[in-house]
Ligand SMILES: Nc1ncnc2c1ncn2[C@@H]1O[C@H](COP(=O)(O)OP(=O)(O)O)[C@@H](O)[C@H]1O
Ligand SMILES: [Mg+2]
């Protein structure tokens, strides 16, 4: 658990040195993918020679389930995007609250941020699953809140808290001369923020924001624990309906890992590229 | 209270300023008439920046009075934005907005703050660019300009607000020696046009040439002051003498 505020700002301040053991330090490498591909191929084809000809080969079974697994994975992507959207919007508001001139609001937003940032994601997920109603009504109309939507909201909570820190860190990383120049040109605080400070922050926030998205995408499998039919749940069902054959476990799960890798690796590469680009230009 | 042109445009009376327990200004008084150029000199850390930042309310003061065109700055009900429309400021580190071009840097405040017509402002901004001799750099970003060029954009940006007085805080201190001259030239031009200027500077030759009055500060007090003709040749206080001997 990270409690020092200094550490929490570091990834934003020093994008290239984000190896401080924080949430942001994880970085996908190409060899992760190559190893996954090898495991998947080896374990799914190894059985070929000695396997019973009546029993379908592992590779064939995997191939048969692939469309379903991929569809379930798309569901993960959808959850990740929605949670990212909610978390980014709420986190931006919270982050701006953390730099508010109003001390009460600032402390409140700081507390909310720290609370959700330092809670395990799975706990927050359960929290959302059991505390949110299964439906709510606006103006007499009942709107159902399916499990997957509750899970999405649950996942957006830590995203919100991390986004809040990204915003706060980016704003604080700008030289104070920018504030002073704007103030001495008679900009109001709001104008300073929206015309001078935040436009410069977007660039600084992009790499840690994309990192956060990668982590969120991988965390969507947590939704399987609360019964949402995403890719892990679907994989489990597929294995069960194949009679729980132990030789299927490695190929199936390494396949799931592989599709996550294929989705997340380009994002990681792009993040590194942006970090390098912005580090040079400042 | 209405201010008349016979009264000081900026009148500083017995100003005290502390950061926490650390007292930086200990009873400063000085007057600046319209069209005057005054230079504040003194060793580093003597409170020069703090003093001029009090004039546009970037710093607040604990005691004393600062009148800008008759308006009291040391007043909790002060409309800071109105004050800052009258008082321009140029910084040592230029502080241009890096995400905007030179022209946009100049135009932004008149358009967004003063709500002036954009086409009108653009015309003025292009004239100002010409005035600070940066024709052709309208669309350059600050990062593509030299220090001296950035500082001249900063001066133009301040001028675009059409202020009555401009504060210059060691605006050549961060520059390469070869670009100092072009910035001083620009300030001299403003001074000749009658702009009221309050300058903190280490450029003694420049101060001697353009200043109407020179103030020497040390540890939060004005040690000695006078017109440049007498200030440099007839300094009496040992602290002034020592400072001048080091810098000249
Ligand atoms: N925001 C601040 N907080 C605390 N101390 C400050 C602050 N700004 C300036 N000081 C202190 O006030 C003194 C005068 O600073 P300054 O006005 O910048 O001097 P000068 O411009 O003459 O070099 C210095 O000792 C400096 O450390
Ligand atoms: Mg200074």
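Please go through region B:114-126 and give me each residue that is part of a helix (DSSP H, G or I), touching a helix residue (DSSP H, G or I) at 6+ places or on another chain (Cβ under 9 Å) and either within 13 Å of chain A (Cβ to nearest Cβ) or farther than 22 Å from residue B:167 by Cβ (or both), ordered by number.
B:118, B:120, B:121, B:122, B:126
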**OP:** Output the residues belonging to region B:84-100 that are more than 7 Å from chain A (Cβ to nearest Cβ), closer than 19 Å to residue B:161 by Cβ and surrounded by fewer than 21 Cβ atoms within 10 Å (Cβ to Cβ).
**Re:** B:86, B:100
Subject >> Among (1) within 16 Å of ligand 1 (Cβ to nearest atom); (2) in contact with a helix residue (DSSP H, G or I) (Cβ under 7 Å, 6 or more places away or on another chain); (3) within 13 Å of chain A (Cβ to nearest Cβ), the one test that residue B:53 misses >> reply: (2)
Original post:
Looking at (1) within 28 Å of residue B:41 (Cβ to Cβ); (2) away from chain A (no Cβ under 13 Å); (3) surrounded by 21 or more Cβ atoms within 10 Å (Cβ to Cβ), can you tell me which one residue B:150 breaks?
Top reply: (2)
**OP:** Check off (1) under 25 Å from residue B:201 (Cα atoms); (2) without any contact (Cβ under 8 Å) to a residue 60 or more places away in the chain; (3) crowded, with 17+ Cβ neighbours inside 10 Å; (4) within 13 Å of chain A (Cβ to nearest Cβ) for residue B:162 and give me the number that stays unchecked.
**Re:** (3)
Original post:
Condition test on residue B:216, is it within 16 Å of ligand 2 (Cβ to nearest atom), under 30 Å from residue B:115 (Cβ atoms) and either modelled with pLDDT of 95 or more or part of a helix (DSSP H, G or I) (or both)?
Top reply: no
Original post:
What is the residue count in region B:174-200 for residues that are within 17 Å of residue B:10 (Cβ to Cβ) and within 16 Å of ligand 1 (Cβ to nearest atom)?
Top reply: 3
Original post:
Taking the condition within 16 Å of ligand 1 (Cβ to nearest atom), in contact with a strand residue (DSSP E or B) (Cβ under 9 Å, 6 or more places away or on another chain) and either within 14 Å of chain A (Cβ to nearest Cβ) or more than 26 Å from residue B:57 (Cβ to Cβ) (or both), does residue B:171 pass?
Top reply: yes
Original post:
If residue B:78 satisfies every condition in (1) within 14 Å of chain A (Cβ to nearest Cβ); (2) touching a helix residue (DSSP H, G or I) at 6+ places or on another chain (Cβ under 7 Å) but one, which is the exception?
Top reply: (2)
Original post:
Is it the case that residue A:223 is within 14 Å of another protein chain (Cβ to nearest Cβ) and crowded, with 21+ Cβ neighbours inside 10 Å?
Top reply: no
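The values are calculated or read from the model by the stated rules, or taken from the named source; none is laboratory data. Remember, predicted model here, so these are calculated numbers, not experimental data. Ideal geometry is used to build each Cβ from the backbone, glycine not excepted, and the neighbour counts take in all protein chains shown.
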